[in-house]
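S.K.: Below is the structure I would like to discuss, written out as structure tokens.
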Amino acid sequence: MDRATFACSTAFFRDYNSSSQGAFCLPGGHVDFIEKVESFSYSDFFRDYLIPNHPCIFSAKFTEDWGSRRNWVTWDGKPNFDYLLQKFGEAVVPVANCDVKEYNSNPKEQLPFKEYIKYWKEYIKNGYRSSRGCLYLKDWHLSRAFPEQDVYTTPVYFSSDWLNEYWDAIAVDDYRFVYMGPRGSWTPFHADVFRSYSWSANICGRKKWLLYPAGQEEYLKDRHGNLPFDVTAPNLQDRNVYPRYNQSQPPVEIVQEAGEIVFIPSGWHHQVYNLEDTISINHNWVNGCNVAIMWCFLQDELAAVQREINEWKDPIDDWHLQCQLIMKSCTGIDYKEFYNFLKVIGENRISVLEKGLDDEASAKNTPKAAISTLGMLHAVFDLKRTVKVLTSLSANEDFKKLDLTSLSPPPEVLLHHLKAAIDTALL
């Protein structure tokens, strides 16, 4: 991060209101196309897309050196089934049925990868029809299962990735996925986990994206406050069911070609179609620009849980703890883990600022190496944003009602440490 971008981000977040971020409208629904790698810097992306929370598309030049672009695709741009079977045939993968609605998603099953590829070949041979429905391999943690494979390198623009930095540190999960599906497979209307950013790179095939800027989803809710499963369904025109649909803007529509990367802003709801047989790599990620949106999302989720079980507040002694447990089962995180998330992010940056990296550590693909690459000012920016959100968390009444004795260091000590590190770095 250069000094001009640091100054820009400081000015923006000084008067920041997380409820307004992403509420900007794109003129005419236009989405910028980034053509050349050499003329587009990290600071350009940070300033023009991360801070204002705007989508963009990166050209295929940004992925042309990836192993998956070379090896997973045939000469005519189709999935290379033989190569994929050779490398991953014995894996077990999650597969959704796009033809079945279960609550507000598609039901999933675990299948051997070789069985899925067999199904996919037969599906194509039968004119894209099958008695089993349209099956879509989704949310496969391939990088975690096959770390030795030369698949892709995360572009520097997406390297300030707090979600995967934290979940890698505790060795529990990650938010790096591979998607593979035939023409006609699709993902229903949704916003990403924790209202995170996402980036999605097409290894082969084409996708159509329907994007709604943050806040537009409010106009798409039915009378009961539920979002639609399919935002293109004709019944959205029924004012008796969707009374505010006519107030919504048309979606921003993107057709993503092979090799291109789409950046999806924080909190933007979207629906996605595979126009051809398609393979993509997707990451969800949070950083200093949208961590406050994540915190707002968690507060909203807890409030929803509290409303649902409010009648049990008096009979249950540990009602506040039960609310946290329910929220974690629904979202994947509770307030105490969110504290630990902020702690890991903050302490990693303090470590780099205070100790730096030796040559061996700098050469490795680690979170601390990424922090070092982005520079001292980026680390300071991250610490400032961590302090802002941690201060809000520490003052939150629901957080203070929990047993915080297990948190180490205590929130007030961590806050002091983070502020001191900022002051020292800026001397």
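S.K.: By average Cβ neighbour count within 10 Å, what is the ranking of 151-162, 284-295 from highest down? Provide the component values of the computation, followed by the final result.
M.R.: Working: 151-162: 19.8, 284-295: 24.2.
Descending packing order for the listed peptides: 284-295, 151-162.
S.K.: Of 69, 239, 183, which is the most mobile in a GNM of the chain whose springs link Cα atoms less than 10 angstrom apart?
M.R.: It is 239.
S.K.: Pairs 336/400; 36/87; 61/121; 138/336; 313/388; 61/125: which are spaced more than 21 Å apart, C-alpha to C-alpha? Mind showing how you got there, number by number?
M.R.: Numbers: 336/400 10 Å; 36/87 32 Å; 61/121 29 Å; 138/336 29 Å; 313/388 31 Å; 61/125 32 Å.
Result: 36/87; 61/121; 138/336; 313/388; 61/125 exceed 21 Å.
S.K.: Right, another one. Using only the alpha-carbon atoms of the range 111-193, report the extent along each of the three principal axes, biggest first, to the nearest angstrom.
M.R.: 44, 31, 23
S.K.: Another question, if that's okay. Computing the accessible area with a 1.4 Å probe over protein heavy atoms, can you report the carbon and sulfur percentage for the range 65-169?
M.R.: On the way: 2560 of 5440 Å².
Solvent-exposed carbon and sulfur of the range 65-169 make up 47 percent of the total.
S.K.: Kindly sort 45, 146 by accessible area of their heavy atoms, largest first, with the probe set to 1.4 Å. Write out the running numbers ahead of the final one.
M.R.: Details: 45 0, 146 40 Å².
So the residues, ranked largest to smallest area, are 146, 45.
S.K.: Let me ask something additional. Once ligands and nucleic acids are excluded and a 1.4 Å probe is used, how much of residue 312 is accessible, expressed in Å² to the nearest 10?
M.R.: For residue 312, the solvent-accessible surface is approximately 130 Å².
S.K.: Could you state, as a whole-number percent, how many of the C-alpha pairs of the chain are farther apart than 30 Å? Don't skip to the end; give the middle numbers.
M.R.: Details: 42579 of 90951 pairs.
That fraction is 47 percent.
S.K.: With a 1.4 Å probe and all protein chains left in place, how much accessible area per residue does the range 1-146 have, in Å²?
M.R.: Details: 7760 Å² over 146 residues.
Accessible area per residue, the range 1-146: 53 Å².
S.K.: Right, here's the next one. Using Cα centres only, tell me the gap between the range 230-303 and the range 42-109 in whole Å.
M.R.: 17
The values are calculated or read from the model by the stated rules, or taken from the named source; none is laboratory data. A quick note: this is a predicted structure, and the numbers were derived from the prediction, not measured. No Cβ is skipped: glycine too gets one built from the backbone with ideal geometry, and neighbour counts run over all protein chains shown. Side chains are part of the model used for accessible areas, which takes the heavy atoms of the whole protein and leaves out ligands, DNA and RNA. Shrake-Rupley method; radii C 1.70, N 1.55, O 1.52, S 1.80 Å.
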